[in-house]
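Visitor: Have a look at this one before I ask anything.
We did not get these values from a lab; they are worked out from the coordinates using the rules stated. Just so it is clear, the structure is predicted and the values come from calculations on it, not from any experiment. Cβ coordinates were reconstructed from backbone atoms using ideal geometry, including for glycine residues, and neighbour counts include every protein chain displayed.
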Amino acid sequence: MTGADRHDVGAGRADASPQASTHSDTTSRVVSMRIALGSDHAGYDLKSLLVATLEQWGHDVLDVGTRNATDSVDYPDFGEAVGRAVASGDAQLGVAVCGSGIGISIAANKVPGIRAALVHDVTSAHLAREHNHANVLCMGSRLIGPSVAIEALEAWLNAIPGEGRHVGRVEKLSVLDEHANK
């Protein structure tokens, strides 16, 4: 993969979705921020729709590829690229799409510090962020329609990462990352 496309979008625009503003931290709703998106060829069309949607909502998008739906490419490359963009801080969150969402979520989860969640609807997307503090949202373009994908993305971005019992569980996930690196 060569250089990623960067789309700069003004934060807090009056015409942007409610999630676009200028403040963010890890325990609140997602607001205008940089979000990495990647897909294989099967997920390209849905990824392109999500890129346009996020830009409309006022987010800065880092598109790590692929560049078209016709050239066959390997989902692990793009799951890893999204995961690394989030883990390195180049993006605050990530979205990854392949045909089923399964392979790309497995790939993203191989990157230490990534909590990639495969979602199929609004409820699973909301809970992925609220309960599991998912920092990468994964979807299968062959399993989820465009309108449900957009609604799931919005639910995930608007969910507030839970406190209390959820924090301890997420910390245990971080310990698993540390053990895997030894």
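Visitor: When the residues of region 29-87 are filtered to those that are within 22 Å of residue 177 (Cβ to Cβ) and of a type in the set (Gly, Ala, Ser), which remaining residue is surrounded by the fewest Cβ atoms within 10 Å (Cβ to Cβ)?
Guide: Restricting to residues being within 22 Å of residue 177 (Cβ to Cβ) and of a type in the set (Gly, Ala, Ser), the top hit is 87.
Visitor: Going through region 48-101 one residue at a time, which ones are of a type in the set (D, E, K, R), in a loop (DSSP other than H, G, I, E, B) and under 13 Å from residue 34 (Cα atoms)?
Guide: The initial filter retains those residues of region 48-101 that are of a type in the set (D, E, K, R), namely 55, 60, 63, 67, 71, 74, 77, 80, 84, 90.
From what is left, the residues that are in a loop (DSSP other than H, G, I, E, B) are 67, 71, 74, 90.
Once the filter is applied, which keeps residues that are of a type in the set (D, E, K, R), in a loop (DSSP other than H, G, I, E, B) and under 13 Å from residue 34 (Cα atoms), region 48-101 yields only 90.
Visitor: Let me ask you something else. Is at least one residue of region 121-132 under 12 Å from the mean Cα position of the chain (by Cα), within 19 Å of residue 63 (Cβ to Cβ), crowded, with 16+ Cβ neighbours inside 10 Å and in contact (Cβ under 8 Å) with a residue 12 or more places away in the chain?
Guide: Looking through region 121-132, none of the residues is under 12 Å from the mean Cα position of the chain (by Cα), within 19 Å of residue 63 (Cβ to Cβ), crowded, with 16+ Cβ neighbours inside 10 Å and in contact (Cβ under 8 Å) with a residue 12 or more places away in the chain.
Visitor: Between 171, 163, 154, which is in a helix (DSSP H, G or I), over 22 Å from residue 48 (Cα atoms) and either touching a His at 6+ places or on another chain (Cβ under 6 Å) or not aliphatic (A, V, I, L, M) (or both)?
Guide: Matching residue, one of 171, 163, 154: 171.
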